[in-house]
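To keep things clear, I will list the structure first and then write my remarks on it.
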Amino acid sequence: MDKPLLAINNLRIAFQQGEHHIEAVRGVSFSVNAGETVGLVGESGSGKSITALSILQLLPENAHCSGEIAFADEALLDLSKSQMRKIRGHKISMIFQEPMTALNPLHTIEKQIGEVLAIHLGLQNSEATAKTLELLELVGIRDARNRLKAYPHELSGGQRQRAMIAMALACEPTLLIADEPTTALDVTVQRQILSLLADLQQKLGMAILFISHDLNLIRHVSDRICVMKNGEIVEQGDTESVFKAPQHPYTIDLLNAEPDGEPEPLNEHPMPLVTGEKIKVWFPIKKGFFKKTVGHVKAVTDLSLTIHQGETLGIVGESGSGKTTLGMALLKLQTSEGLIRFEDTRIDTMNQDQFRPLRREMQIVFQDPFGSLSPRMTVADIVGEGLDIHKLANEANREEQIIAALDDVGLDPECRHRYPHEFSGGQRQRISIARALVLKPRLMVLDEPTSALDRTVQSQIIDLLRNLQKKYHLSYIFISHDLAVVKAMSHRIIVMQGGEIVEQGTTQQIFSQPVETYTRELISAAFESRKQSAVPYSSRSASGLSIGNQNQIIDVRN
């Protein structure tokens, strides 16, 4: 039998924090063969990403790593930094989990991908631009030529993730480490990206270490699965065996963790809280020396909606459909045209000073908690900042309110003196919710609040949000590409495409009797694979790739 492409044996990773010695990975061993996809699953904080980062020697300075990591018979832990630079991005490439923090905010997408092409392939100028454009089109970025000069903040979450994937695939690596590569992507784009990875895998014989919290996704992409908990692999085996007959109780818990339930019923005649009429957000496209406007990116066009008191309005649609832009416009965090009312008060005509007293009533939880939390502030400072700005606390009760907010979101108040990087993704999301909640708002815009979380933590966050809604009679605008989560959270749903509403109705109507083809495609992509998950692998085609029919499931195993 041939040697594996990647072999990890008895890997141990510990972090030194002052006098504390924290062991994050404990005796992990597994392998990845050439052309094979191995899925690495587990809850947030289980050690998945740390294990992946150790392969490329990307651990922080205070980390101590021991054991063996062999790649194509090279002992990676013994290589110098200069030797590792020749491997990173060339032979082994990585798609990072949080593209906003992984991409350089000061450089355009073209420059960042071009840098990889220049360092490893020697491509310059027009050659590098042509190859970059080809890669962006390959990963499905619309109007790719006009996106070459875009900076990361000018792209949607899904578009940033695609740019990261393009960068990782630029040099056609032998091993691709994909750390939650489809987390920020809607279900239809997930299909495209998985199809792309499958095509490249077959073409190049590329191996993939696929890290994800989505077990349904892992089932359809992996040949073998390793399940991690608390820094250890508690179960591993071929995909069919693990899903048909899981041995470890933790694996069984992961398989059973699916968002379910529904929100509290509304009053019979709920009062409108926020109303938007003919909202329009167009971004100008400027070219030439004089920056002449030659067109517009039509993010939101003539859109009207109402959010009632105590209601959750779900907004779904593909990446770039205008979901987040709409939420930012309603909160006056984005310049827009059209009428916006908060109860009986018209707010679209207010300047920021006039609007500030109402700002505390309308809060947002951003999509990327790591990017939206200041790394230089403690949790207490982050949660208490709003209290200071709005003068809602004095020295006597400020600490009390911070502790109460952390308690509401299920965090130990003793952790308030720690910093965001010391928490897992799920815990950071709870901190973001506490920051918004401490002001006792009446409306919260939740922008993909569970997209980066594993299923067990997703269920916890959904239960938390429903309990908070019941306790404080909150209204939510819930923006997500995950239809299973939207179904569990929302009273009503609007479906967006190209900046417009293509369909809206109650959650039951949208999921049981969708009218538009686009809505049916979204629902099919989200739920058909879950139905198929109950079918044994032996009864399904193992031919590899199934593209084109929206009702088919992509199985990208070799």
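General remarks:
- Gly205 being assigned by TED's automatic domain parsing to the domain that holds Ala24, at pLDDT 90 or above and at positive phi: no
- Residue count, the stretch 66-87 (criterion: free of Cβ contacts under 8 Å to residues at least 40 places away in the same chain and part of a loop (DSSP other than H, G, I, E, B)): 2
- Of all residues in the stretch 217-238, those satisfying the criterion of being under 14 Å from Gly39 (Cβ atoms) and under 23 Å from the mean Cα position of the chain (by Cα) are Leu217, Ile218, Arg219, His220, Val221, Ser222, Ile225, Cys226, Val227, Met228.
- Residue match in the stretch 473-486 (condition: farther than 27 Å from Asp388 by Cβ, at pLDDT 90 or above and in contact with a Phe, Trp or Tyr (Cβ under 7 Å, 6 or more places away or on another chain)): yes
- Criterion (crowded, with 18+ Cβ neighbours inside 10 Å and of a type outside the set (D, E, K, R)) met by exactly one of Gln190, Gln124: Gln190
- Scoring Glu172 on the criteria (1) at pLDDT below 85; (2) farther than 30 Å from Asp302 by Cα leaves a single failure, condition (1).
- Sub-8 Å Cβ pairs linking a first residue in the stretch 142-159 that is under 25 Å from Val316 (Cα atoms) and in contact (Cβ under 8 Å) with a residue 12 or more places away in the chain to a second residue that is surrounded by 14 or more Cβ atoms within 10 Å (Cβ to Cβ) and charged (D, E, K, R), at least 6 apart or interchain, are Pro152/Arg160; Leu155/Arg147; Gly157/Asp368; Gly157/Glu448; Gly158/Asp186; Gly158/Glu318; Gln159/Arg147, ordered by first then second residue.
- When Leu59 is tested against (1) farther than 26 Å from Val221 by Cα; (2) exposed (fewer than 15 other Cβ atoms within 10 Å of the Cβ), just one condition goes unmet, and that condition is (2).
- Search result, residues across the stretch 146-160 that are part of a helix (DSSP H, G or I) and more than 19 Å from Gly498 (Cα to Cα): Pro152, His153
- The set of residues in the stretch 416-441 that are hydrophobic (A, V, I, L, M, F, W, C) and modelled with pLDDT under 90 contains only Phe423.
- Cβ-Cβ distances below 6 Å connect the following pairs, each with a first residue in the stretch 366-379 that is in contact (Cβ under 8 Å) with a residue 24 or more places away in the chain and under 13 Å from Glu422 (Cβ atoms), a second residue that is of a type in the set (A, V, I, L, M, F, W, C) and surrounded by 21 or more Cβ atoms within 10 Å (Cβ to Cβ), and a separation of six or more residues or different chains: Leu373/Ile382; Val379/Ile431.
- A count restricted to the stretch 169-178 and to residues that are crowded, with 23+ Cβ neighbours inside 10 Å and either assigned to a strand (DSSP E or B) or touching a Ser or Thr at 6+ places or on another chain (Cβ under 6 Å) (or both) stands at 4.
- Considering the conditions (1) more than 20 Å from Ser212 (Cα to Cα); (2) touching a residue at least 24 places away in the same chain (Cβ under 8 Å); (3) in contact with a Phe, Trp or Tyr (Cβ under 6 Å, 6 or more places away or on another chain); (4) of a type outside the set (A, V, I, L, M, F, W, C), His296 is excluded by exactly one of them, (2).
- Matching residues in the stretch 45-70 - criterion: being closer than 22 Å to Gln236 by Cα and under 29 Å from the mean Cα position of the chain (by Cα): Gly45, Ser46, Gly47, Lys48, Ser49, Ile50, Thr51, Ala52, Leu53, Ser54, Ile55, Ile69
- Against the test of being within 24 Å of Glu98 (Cα to Cα), within 29 Å of the chain's Cα centre (by Cα) and surrounded by fewer than 18 Cβ atoms within 10 Å (Cβ to Cβ), the options Asp412, Asp368, Asp381, Asp407 yield a single qualifying residue, Asp381.
- Condition met for Ile87 (buried (at least 21 other Cβ atoms within 10 Å of the Cβ), under 30 Å from Ser321 (Cβ atoms) and at pLDDT 90 or above): no
- Neighbours by Cβ (under 9 Å, 6+ apart or cross-chain): first from the stretch 239-253, under 22 Å from Val32 (Cβ atoms); second polar (S, T, N, Q) and surrounded by fewer than 12 Cβ atoms within 10 Å (Cβ to Cβ): Glu240/Ser538
- In summary, strands (runs of 3 or more DSSP E) completely within the stretch 1-48 and bearing 1 or more residues that are crowded, with 21+ Cβ neighbours inside 10 Å and not β-branched (Val, Ile, Thr) occur at 6-17, 37-42.
- Residue check for Ala393: assigned to a helix (DSSP H, G or I) and out of contact with any strand residue (DSSP E or B) (no Cβ under 6 Å at 6 or more places or on another chain): no
- Which listed residue, of Val227, Val242, Val234, Val281, is surrounded by 14 or more Cβ atoms within 10 Å (Cβ to Cβ), closer than 30 Å to Leu155 by Cα and among the aliphatic types (A, V, I, L, M): Val281
- Residue check, Thr132 buried (at least 23 other Cβ atoms within 10 Å of the Cβ), modelled with pLDDT under 80 and either touching a strand residue (DSSP E or B) at 6+ places or on another chain (Cβ under 6 Å) or among the hydroxyl-bearing types (Ser, Thr, Tyr) (or both): no
- All conditions in (1) closer than 19 Å to Pro173 by Cβ; (2) surrounded by fewer than 16 Cβ atoms within 10 Å (Cβ to Cβ); (3) of a type in the set (A, V, I, L, M) hold for Leu106, with the sole exception of (1).
The values are calculated or read from the model by the stated rules, or taken from the named source; none is laboratory data. Quantities reported herein were computed from a predicted structural model and do not represent experimental measurements. Cβ sites come from the backbone with ideal geometry, for glycine too, and all protein chains shown count toward neighbours.
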